[in-house]
Amino acid sequence: MSLRSLHAFAGGVHPLGNKNTDVLPSIHLHGFPEVELLMQQHIGPPCTCVVRPGDHVDVGTMVGRADKPMSVPIHSSISGTVKEVHYVVSANGTPVEAVRIESDFKHSINPFCRPPKVESFEDFIQMIRDSGLVGLGGAAFPTYIKLNPPKNKMPDTLIVNAAECEPYITADYRQICEHPDDIIDGILEVMKWLEIPKTIIGVEDNKPLVTRIFSHEIKKRVYKTGKHPDIEVRTLKTIYPQGAEKMLIYTLTGRKVPPGKLPIDVHTLVMNVSTLRFIGLYLKEGIPLTRKRMTLDGSALNTPGNFIVPIGARIQDIIEAAGGTREEPKKIIMGGAMMGVALDRIDHGIIKANNAILVFGSEETTLPPESPCIRCARCVASCPMDLIPCGIDKATRLRDTEMLEKYHVMDCIECGCCTYACPSKRFLTQSIKNGKVMVRAERARIKKEQELLAASEQKGGNAPS
Amino acid sequence: MKLQVSHSPHVRDKATTQSIMLDVIIALIPATLAGWYYFGIRAVLITLISVASCIIFEYISRRIMKRNNTISDLSAVVTGLLLAMNLPVSLPLYMVVIGACFAIVVVKQMFGGLGNNFVNPAIAARIFLVIAFPKAMTSWTVRSGSWFSFDSADAVSSATPLTRIHTSEAPSLWKLFIGDKAGCIGEVCIIALLIGALYLILRHVIRPWIPVAYIGTFALLAFLFGKTNVFNFAGDLTVLSGWGDLFHECCYMVLSGGLILGAFFMATDYVTSPLTTKGKFIFGIGCGILTFLIRYYGNMAEGVSFSIILMNILTPHIDNWTMGKPFGEVKENAKV
């Protein structure tokens, strides 16, 4: 059942796995006094808030309605009373409308939540949208958009991302260990409604148990139904960023997603195991996406582990409920150690795509000073996108957008490999991100210039005043 | 609570500039010790003076330019060590200091310090010394008296193997390999250099592409177009010694002079060599061709320094030519 992949992408790094929490069963955390639900928890326009202070909500009551395309609804994760609708600054620094709900500690579930009836593809897509599901691997791309590709680009392969290549995080691993049946259900549903003939589950070879769990689960299905679903489990080399979409597709199928294109352009659908598990679960229970499994780890914590928390719970409350800290945290990261965001305050409510909180104590928190680039080319060798990070860094510092374009700065996936590998400890990823901003601004400027020029030519050569 | 905020990634590899430089120093130790063994205490003195003056010049020039102190990154030590290894043992000591000054102040710090020099400082200093003091830089001696003797009367002057290849005094390949020959302090003992190079490769400090391409290209050219080459070879290939004669010249040329030192320790200098693997091969092949041309057709026997420095100058262009396409970039009509 388990085959090793033939393709390997160039580059990548080997940070310490630090999967300290992989043997710890997930723990449900309850009893949060309040939650703060942001009205934008996905890539796309924000939701419209449909509750007012004083309203009573149950678990699963819609609080944010998705009016625009690319947007998915947001549901209350606890039962209680809406206290406030206000603007807050999200973890990545943008102002977002948020709903503060105070808990009544009853945990009553909205009576309208019941298993959905799915009879057609349109039902399926509507069901996915109503559930509030986004890609739970971290990108928060609305799943209903992903599952509804244009008709000329139907996928022929479903890739299940179980690589989980970020250090520390074991939430997906625990998801697989604890609910393999729901995951297979989710896979079969997606295969059924999108008529995808083949599924490949990609697992890094540092998690041999996962391969066996899935093989066992598939055998159970064969026994139960008599049909052998075309689901294949493949082991991947343990290397960061194995779980990056483009790298995963290449390793498993040999297809390369061109720059600026999506997996669907090479007829591939990539979904995270947790996303698929939610689909399987939602079809059984009908409760929208209100809880999230996340890894809490780091040397400052008393009891690292995996916890299932209501979406919107404040980070400080989660850390407290999960056992508290044993030393003053020096750095708190929302997400993984390679791509996560370091927080300056910890009263943010968690959002759908969060899958880890790392609470670093003094032993892990280091910020070595930058020294000059010695052109050792370790960044070049580590770049999975075959870019030249040190060259981009130089161009950014020179504010040279022409050179940035020549170095293909926009193709960077911001995985952080170059910064990890750099012996001069340069902030290459940060510099590249800045470079992207410069290029976008320059492109917009050129576009505007051309529009003005075109407009002035239409008017008969007069320069616009 | 005061939290540190920085951009991702939040974990870093252990390697630092300093640890890389330390690895290079460790890798140079066997060859340095071998040089000391063959050339006596004067070689020790030259090495110490070269390293010390490089550190001092680095400190002073950074101080004068009002920049931060960078001695701790150990790059000046590496330059000093490499420079000493590239000097003949009989060189007057003040010339060593002048060479160190040129390497650190002119080549390195005036262009912006570590990472910004466009040619290898040690090689540039060596070439500077060869041009400024041609006699002192090309008088080769081998030790004849006591190891502890500073007196140059105890040394007898000798020609390098390169200038003696077609004479009856040409040393055997084994002598070339273990270092019992005339030459610069660090370049003589090939086995010690190879041990150091192996260390660098195993520690992933250097990649073998440049040395392999460099030595390979040079050996191939010497084999094909040398004095006794594959075309005019008259020996008897039905016996084993015939094959030995056939390969003798190219092995002899590879083992003599500064080729091994240059290929593994100077051409692989990060700052002045290309970034991509393709570029590294082009760089190595270019070095090999230039070394062959200078050694066989130039009037200076020593071609390694000149070829490396010429390729150093070409490095930015090689980087431009070899800049690859990003992952997934395909031609318009290519099928997926």
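The values are calculated or read from the model by the stated rules, or taken from the named source; none is laboratory data. Everything numeric here is computed off the predicted structure, so don't read it as measured data. Cβ coordinates were reconstructed from backbone atoms using ideal geometry, including for glycine residues, and neighbour counts include every protein chain displayed. What goes into the accessible areas is simple: the full protein's heavy atoms, side chains included, and nothing from ligands, DNA or RNA. Shrake-Rupley method; radii C 1.70, N 1.55, O 1.52, S 1.80 Å.
Values computed for the structure shown
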item	result
Matching entry among B:L114, B:L22 (being over 26 Å from B:V130 (Cβ atoms) and touching a residue at least 12 places away in the same chain (Cβ under 8 Å))	B:L22
Single condition B:A197 does not satisfy, out of (1) within 19 Å of B:L293 (Cα to Cα); (2) modelled with pLDDT of 95 or more	(1)
Per-region count, region B:217-241, residues of a type in the set (V, I, T) and either surrounded by 11 or more Cβ atoms within 10 Å (Cβ to Cβ) or closer than 23 Å to B:R295 by Cβ (or both)	3
Answer from A:S90, A:S79, A:S120, A:S108 - the residue that is without any contact (Cβ under 8 Å) to a residue 60 or more places away in the chain, open to solvent by less than 20 Å² (accessible area, probe 1.4 Å) and of a type in the set (S, T, N, Q)	A:S79
Count - residues of region A:269-309 that are acidic (D, E) and within 14 Å of chain B (Cβ to nearest Cβ)	1
Residue in region B:33-44 that is modelled with pLDDT under 95 and within 25 Å of B:S307 (Cα to Cα) present	yes
Region A:177-218: number of residues that are hydroxyl-bearing (S, T, Y) and under 13 Å from A:D230 (Cα atoms)	2
Qualifying helices (runs of 4 or more DSSP H) (wholly inside region A:336-448; at least 2 residues being outside the structural domain of A:P241 (by TED's automatic domain parsing) and within 22 Å of the chain's Cα centre (by Cα))	A:417-421
Given (1) within 20 Å of the chain's Cα centre (by Cα); (2) exposed (fewer than 14 other Cβ atoms within 10 Å of the Cβ); (3) over 20 Å from B:L82 (Cβ atoms), number of the condition B:H317 does not satisfy	(1)
In region A:235-268, residue farthest from the other protein chains (Cβ to nearest Cβ) [restricted to those that are within 28 Å of B:V11 (Cα to Cα) and among the basic types (K, R)]	A:K237
Within region A:361-380, tally of residues that are touching a residue at least 12 places away in the same chain (Cβ under 8 Å) and over 22 Å from B:F118 (Cα atoms)	7
Qualifying residues in region A:368-391 (those that are open to solvent by 40 Å² or more (accessible area, probe 1.4 Å) and under 27 Å from A:G137 (Cα atoms)) - the one nearest to the other protein chains (Cβ to nearest Cβ)	A:D386
Residue among A:V222, A:V273, A:V233, A:V266 that alone is among the aliphatic types (A, V, I, L, M) and closer than 22 Å to A:L29 by Cα	A:V273
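Here's the yes/no breakdown for (1) away from chain A (no Cβ under 14 Å); (2) among the basic types (K, R); (3) open to solvent by 10 Å² or more (accessible area, probe 1.4 Å); (4) assigned to a helix (DSSP H, G or I):
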residue	(1), (2), (3), (4)
B:I29	yes, no, yes, yes
B:L33	yes, no, yes, yes
B:R63	yes, yes, yes, yes
B:P88	yes, no, no, no
B:Y94	yes, no, yes, yes
B:I104	yes, no, no, yes
